[in-house]
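Chemist: Handing you a structure now.
The values are calculated or read from the model by the stated rules, or taken from the named source; none is laboratory data. Every value quoted in this text rests on a predicted model; they were computed, and no experiment measured them. Heads up, the Cβs are rebuilt from the backbone with ideal geometry, glycines too, and the neighbour counts pull from every protein chain shown.
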C-alpha cells in the first residue's frame, strides 16, 4: 500500500506529475489491487483516499470507478397485485356504502352483491370489468326473466362501486354502463269495491293490518316497524318514524318522520287490534317483527277469497293515493301523506282527478274568461 508521485512526459515534451494511490487487499475471498490517480492532487488528499479505499475493502463495500461508470441494469418492473371485484366490494360496503347510505340501503346493496354481482364479476380484476362484460350480464339476467327495473338496480350498484374504485385510484377509468329502458305503467290500484271486498275477506287476525294499509298508504316496511308509541288514537293520528328493510330498522325512505291522519275506520280497527304482546303494532304471537315473506300469505289469501288477482302490499299504497285523488284531494296533500320527497312521484296519480281535465277545458270557457275583444265591446255599450 502506498501513495506516490508519478512523473510522466506529455506529447508536447513537458513533464507532468500526479499523485497515485496503490492499494492491495482482499474483498470477500478475492484479492484486489486498486491503482488509480488520486481524486485530489495533493499528498494529503491522496493519503485520505488511500485510507478510504482500505476501509471499503475491509467492509466489503468497495466499488471500482469503472463499475460505477457502467450503466446499471434496469430494475425489474414492479408486480402490482390487481384487486378483484369481490375483494374491493367488501371494502366498498364497509367504508363508502355504510357511511353514505341508510342501513336498509346498505343491506340491499349487500344482497345485490352477494347473490348477483359477485357471482358474475367477483373473480375479475376491477379493470377487467368491460362494457362487453356488463352487456353480457344484462343479457343473461334478461334470459333469466329478471325485470329491466331489477337489472337496473344491479347496474346502479355496480356502476357506483366502479366509480368509487376510480376515485380511490384502483382503476384508470369507469366502463360506460347503459341502463335498460323501463316502461312506466300507471300505478295498479284496487277499485273502491275491490278494496272493500279485500278488507272484508281478510282473516280476522290480519284484517286490521290490511285495512290500515289501504286506509293510510304506509309502505310495508313502515307497517312492520310501526310502534304503539307512535299511534295517537285519541287524536286519530300516527307518526311514521321508522321503517324495516329485511331485518334492519332505520329511518323511512324519505329520511324524515311524517304524520298521517287516520280515518274513522282505520282508528277503530287499531283500537280493536290493541294488544300487549310488545311495542310493535303488527307482530307475531311472541311480539317479534313480521317478515315480508310471512306477510305475503294473508294478503294473497284475502285476494283469493275476494276474487281479486294476486297483488303485492305496494298496490295497497297505490290504492290509498288513487282513492284520495279520485275523491278530490289535492296532489300536495297526497304527497305529504305518502311521504314523497319529490312531487313528481305523486303526480302519477294526478290524471285520476275528475276535476283536472274539466278545469283545464274551462280555461277556454268564454263565459268565465272573456277575451279582450268581447271586453272592449261590452265597455262600448
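Chemist: Quick check, is residue 260 free of Cβ contacts under 8 Å to residues at least 24 places away in the same chain and part of a strand (DSSP E or B)? Full working, then the answer.
Modeler: Working: free of Cβ contacts under 8 Å to residues at least 24 places away in the same chain: no; part of a strand (DSSP E or B): yes.
In short, no.
Chemist: Kindly evaluate residue 163 against the criterion of being outside any loop (DSSP other than H, G, I, E, B), exposed (fewer than 15 other Cβ atoms within 10 Å of the Cβ), at pLDDT 95 or above and within 20 Å of the chain's Cα centre (by Cα).
Modeler: So residue 163 passes the test.
Chemist: Going through 328, 287 one at a time, which residue ends up being touching a residue at least 24 places away in the same chain (Cβ under 8 Å) and part of a loop (DSSP other than H, G, I, E, B)?
Modeler: Being touching a residue at least 24 places away in the same chain (Cβ under 8 Å) and part of a loop (DSSP other than H, G, I, E, B) holds for just one of 328, 287, which is 328.
Chemist: Determine, yes or no, whether residue 283 is within 22 Å of residue 221 (Cα to Cα), in contact with a helix residue (DSSP H, G or I) (Cβ under 7 Å, 6 or more places away or on another chain) and either at pLDDT below 95 or surrounded by fewer than 18 Cβ atoms within 10 Å (Cβ to Cβ) (or both).
Modeler: Criteria not met by residue 283.
Chemist: Tell me, yes or no, whether the stretch 70-82 has at least one residue that is in contact with a helix residue (DSSP H, G or I) (Cβ under 8 Å, 6 or more places away or on another chain), in a loop (DSSP other than H, G, I, E, B) and at pLDDT 90 or above.
Modeler: No: zero hits.
Chemist: Under 9 Å between Cβ atoms, which residue pairs at least 6 apart in sequence (or on different chains) link something in the stretch 163-182 that is more than 19 Å from residue 88 (Cα to Cα) and in the same structural domain as residue 96 (by TED's automatic domain parsing) with a partner that is assigned to a loop (DSSP other than H, G, I, E, B) and modelled with pLDDT of 95 or more?
Modeler: Here the result reads none, with nothing in the stretch 163-182 linked to a residue that is assigned to a loop (DSSP other than H, G, I, E, B) and modelled with pLDDT of 95 or more.
Chemist: Let me ask something else about it. Could you please find all residues in the stretch 27-40 being in contact with a helix residue (DSSP H, G or I) (Cβ under 7 Å, 6 or more places away or on another chain) and either exposed (fewer than 12 other Cβ atoms within 10 Å of the Cβ) or within 10 Å of residue 57 (Cβ to Cβ) (or both)?
Modeler: 27, 32, 34
Chemist: Only one of (1) touching a residue at least 24 places away in the same chain (Cβ under 8 Å); (2) loosely packed, with under 15 Cβ neighbours inside 10 Å is not met by residue 235, so which one is it?
Modeler: Tallying (1) touching a residue at least 24 places away in the same chain (Cβ under 8 Å); (2) loosely packed, with under 15 Cβ neighbours inside 10 Å, residue 235 fails exactly one: (1).
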